[in-house]
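Participant: Following this message is one structure expressed as structure tokens.
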Amino acid sequence: MKNLRTQRIVLAIAGILMILCAGLYFYNYLRQTELSKRLLRIELKINELDRVYKNYLTSVLEKRRFQFNPNKSYLDRFIEFDSNSKELLDSFYEDGLAIDGFEINFNLLKEKINERSEKMMEQVTYFREFGMEQAREKIMDEESEVLALSHEVEGAFFRLEQSLRSEKDRLVAENESLIRVNYFGFLALILVAVGLILGVYFLSQKAFSFELEKEIQIQKLKSLRQDMLDFSSTFESSAIGMGLLDTYGNWIKVNRSLCTMLGYTQEELLTLSFQKITHPDDLFEDLDKAKKLFNREIESYNLEKRYLTKSGKIIWVNLIASAVWDDQGQFKHFIAQMEEISLRKKFLDELQEQKNRLANVLEGTEVGTWEWNVQTGETLYNEKWAEILGYDLEDLEPLSQETWLHFAHPDDIALSNKKIQECFSKKSDFYECEYRMRHRDGHWVWILDRGKVMRWMPDGKPEVMFGTHSDISRFKELEFSLMSKNAFASAVLDTIDVGIVACDANGTLDLFNKATLEFHGLDSRDIPQEEWPDYYQLYHTDGVTLLKKEEVPLYRAWMGEEIEDVELCIRHTSGTTRIVCCSGGPVYGENGSFLGAVVAMRNISSPQKD
């Protein structure tokens, strides 16, 4: 009886212990369930935050693509991803979390993302407000500001993620604490109930842990699958060429844009390595940078290089290469993004060639150049401009419009200003003026100054003018000498009784001496050659039959014929006639160039009236 009573007491105690342990178990079980739900919710929030971060990075990437190639599709994708980032962020906070620092970190992240978004939007507008090159320069000027803001966004993401992971770690620790408590409770039940309930507990705990792990894995798998779909969609629909390469440089995945760019099908390209289609002159640099990328000496690299297409054509591309590593830090593959820049390279090469050609022309012709901002007065000269006046350019600094006024001859300034004003008022497209400037040695240098207004203000005023500055002193000396000689020759020709008539290479009369004027009774006139016989009254010796154009001695000489003792009749405006004997021929320069023709006429008869 006593043993039975003892057994009953033990059983009662065991029952009480079982009830207490069961109560404790169910109490802890409920707490564990609640913790599991909170833990799952935290995991979901972390995944949502990852999606926000990836969407944010995609918007930055699309903005950079637009920056390199201002294409409307890139701009639309940037705006779409930027808007999605804000929507995902708002959705992320809708139900909130009672976590220390969560709200502060979230608000900070939202503030920084909005600031970054506003800055990117601002930079996008530069391409509408300014030219492409000026917009890119302005963006480069803001690089440090943008980099600092990006670091702040990264920091905000990190702090918010850390707050979530800290809460996750706390919940895991609390959950593990409850599990340990239940283990001890069920240990007592095992001692009392021969492990039956403990076995049930382990089974239920295992099932619960399995379901929790399963749910977490499912969420991770969904997130990974979505990320892969997003990347695959971006990869395939990208307007620029993209490809994945293994350690040896073999293509393992390529998009349509890359195949179109290189002229290969996907199947053909996947059998090749990038080394086989890279121009030999660019291969070493590409391999060197790829090696550094693989060794993690650099995070990415940018390279302008040449590829050989399937047809054998050489194209230029702008390559941006990076590498992908798994969670264990093992290399997975290279990512190559390529944009064809053949036209841009051709344009830049042609521009450089033109620049070199212009520099060679300026150097070869010994021409000074100037640039004048009419509105600000700022003036730029090249070294040759100063050299013409006997100076080094630094001797003339500071440079301004006053520099020119200081050296210009006072008597020539008014003429130069008059011609410049004709350009400013658009009466003349070009400015051209000959004037004198004082040389460092004290003598005057004759200058041929030419220029044009190349940029105008919105109100029609001139803004910037460019021009050249040539020393023509030698030519002016020759001109003065030639004028003197011409005056002497004209005086000599006017003193002889032989008529002299000449025309230039175009057949225009340019010499009609005094004797010729007396033969005809009229001066030379710029008329077509067909009208010469009638206007100058040129007849056969019979005085009746008018000469044809082809019979006029000067025309025959102009056509290359040597004329000797050809007689014709000239009718004076007074009506008198005279017979003249003509001789002459074509005139050639020292280098054999045709200059025109000349004919001499001797009067061989006395004037007669009709």
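Participant: May I ask you to derive the FRET efficiency for residue 69 and residue 531 from their Cβ-Cβ distance with R0 = 56 Å, giving the value to the nearest 0.05? Intermediate results must be reported in sequence, preceding the final value.
Facilitator: Values: r = 65 Å, r/R0 = 1.16.
That gives a FRET efficiency of 0.30.
Participant: For the modelled label position 7 Å from the Cα of residue 576 along Cα-to-Cβ, which residues of the stretch 522-546 have backbone nitrogen atoms closer than 18 Å?
Facilitator: 522-523, 537-539, 543
Participant: Next question, about the same structure. Under 1.5 on a/c is rounded, so check that first for the stretch 505-546, then, if it is not, pick prolate when a/b is larger than b/c and oblate when it is not; a ≥ b ≥ c are the square roots of the alpha carbon gyration tensor eigenvalues.
Facilitator: Working: a/c = 2.37, a/b = 1.28, b/c = 1.85.
Oblate shape, in that a/c is at least 1.5 and b/c is the bigger or equal ratio.
Participant: Skipping prolines and chain starts, which residues have an amide H placed within reach, meaning under 5 Å, of the one on residue 577, given they are 5 or more residues away or on another chain?
Facilitator: Under 5 Å from the amide H of residue 577 lie the amide H atoms of 572, 608, each far enough along the sequence or on another chain.
Participant: Right, another one. Which of the lysines could be linked to residue 418 by a straight reach, that is with a Cα gap under 17 Å, when you skip same-chain ones fewer than 8 residues away?
Facilitator: 426, 427, 452, 461
Participant: Same structure again: Apply the a/c threshold of 1.5 to the C-alpha gyration tensor of the stretch 96-157 and tell me whether it is rounded, prolate or oblate.
Facilitator: On the way: a/c = 6.41, a/b = 2.80, b/c = 2.29.
The shape class here is prolate.
Participant: May I pose another question? So if I place +1 on the C-beta of Lys and Arg and -1 on the C-beta of Asp and Glu, and nothing else carries charge, what would the dipole magnitude of the stretch 25-178 be about its Cα centre? I want it in debye, nearest 20. Don't skip to the end; give the middle numbers.
Facilitator: Working: 24 positive and 32 negative charges, 91 e Å.
That gives a dipole near 440 debye.
Participant: Also, I was wondering about something else. Placing +1 at every Lys and Arg Cβ and -1 at every Asp and Glu Cβ, with all other atoms neutral, what dipole size does the stretch 83-158 have around its Cα centre, in debye to the nearest 20?
Facilitator: Numbers: 8 positive and 19 negative charges, 39 e Å.
Value, rounded to 20: 180 debye.
Participant: Between residue 440 and residue 506, how high is the FRET efficiency from 1/(1 + (r/R0)^6) when r is the Cβ-Cβ distance and R₀ = 45 Å? Nearest 0.05.
Facilitator: Working: r = 43 Å, r/R0 = 0.96.
After rounding to 0.05, the efficiency reads 0.55.
Participant: Anything over 24 Å Cα to Cα? Flag those among 45/86; 253/332; 63/346; 45/110; 63/310, in the order listed. Spell out each step's value before the answer.
Facilitator: Numbers: 45/86 16 Å; 253/332 13 Å; 63/346 26 Å; 45/110 15 Å; 63/310 32 Å.
Long pairs (Cα-Cα over 24 Å): 63/346; 63/310.
Participant: Then there's this: Can you give the net charge of the other residues whose Cβ lies under 13 Å from the Cβ of residue 241, counting K and R as +1 and D and E as -1?
Facilitator: On the way: positive: 65, 253, 256, 305; negative: 236, 339, 340.
Its environment carries a net charge of +1.
Participant: Shifting gears a bit: At 0.36 nm per residue, minus the direct Cα-Cα distance, what do residue 309 and residue 540 gain on full extension? Give it in nm, one decimal, please.
Facilitator: Values: separation 231, 0.36 × 231 = 83.16 nm, distance 7.76 nm.
Residue separation times 0.36 nm, minus the Cα-Cα distance, leaves 75.4 nm.
Participant: Another question about this same structure. Mind giving me the nanometre distance, one decimal, between the label points for residue 215 and residue 591, set 7 Å out from Cα along Cα→Cβ?
Facilitator: It works out to 9.6 nm between the two label points.
Participant: Still on this model: Output the Kirkwood hydrodynamic radius of the stretch 319-446, Cα pairs only, in Å rounded to one decimal. Mind showing how you got there, number by number?
Facilitator: On the way: mean 1/r = 0.0518 Å⁻¹.
Roughly 19.3 Å, rounded to one decimal.
Participant: Leaving out ligands, DNA and RNA, what percent of the accessible area of the stretch 18-73 is carbon and sulfur, probe 1.4 Å?
Facilitator: On the way: 1850 of 2880 Å².
Roughly 64 percent of what the probe reaches on the stretch 18-73 is carbon or sulfur.
Participant: Can you tell me the length gained on complete extension of the stretch residue 605 to residue 296, counting 0.36 nm per residue apart and subtracting the Cα distance? Present the calculation step by step, with values, prior to reporting the outcome.
Facilitator: Details: separation 309, 0.36 × 309 = 111.24 nm, distance 10.76 nm.
Full-extension gain reported as 100.5 nm.
Participant: Can you tell me how much longer the chain between residue 118 and residue 130 gets when fully stretched, taken as 0.36 nm per residue apart minus their C-alpha distance, in nm with one decimal? Write out the running numbers ahead of the final one.
Facilitator: Numbers: separation 12, 0.36 × 12 = 4.32 nm, distance 1.82 nm.
Going from the current span to full extension adds 2.5 nm.
Participant: Mind giving me the FRET efficiency for residue 406 and residue 265? R0 is 56 Å, r the Cβ-Cβ distance, nearest 0.05 is fine. Provide the component values of the computation, followed by the final result.
Facilitator: Values: r = 71 Å, r/R0 = 1.27.
Once rounded, the FRET efficiency stands at 0.20.
Participant: Shifting gears a bit: If I model a spin label at residue 352 and residue 246 as a point 7 Å from the Cα along the Cα→Cβ vector, what separation in nanometres do I get?
Facilitator: The modelled label-to-label distance comes out at 3.8 nm.
Participant: Largest first, how would 351, 20, 49 line up by accessible area (1.4 Å probe)?
Facilitator: Details: 351 85, 20 110, 49 5 Å².
Greatest to least solvent exposure: 20, 351, 49.
Participant: Take residue 330, project a point 7 Å from its Cα along the Cβ direction, then tell me which residues of the stretch 237-271 have their backbone nitrogen under 16 Å from it.
Facilitator: Residues passing the 16 Å test: 246-248.
Participant: Evaluate the distance, in nm, between pseudo-label points positioned 7 Å from the Cα of residue 103 and of residue 375 along their respective Cα→Cβ axes.
Facilitator: Each label point is offset 7 Å from its Cα along the Cβ direction, giving 5.4 nm.
The values are calculated or read from the model by the stated rules, or taken from the named source; none is laboratory data. Everything quoted here is computed from the prediction, not taken from an experiment. Neighbour counts are summed over all protein chains in view; Cβ atoms, including those assigned to glycine, are modelled from backbone coordinates with ideal geometry. Heavy atoms of the whole protein, side chains included, go into the accessibility calculation; ligands, DNA and RNA do not. Shrake-Rupley method; radii C 1.70, N 1.55, O 1.52, S 1.80 Å.
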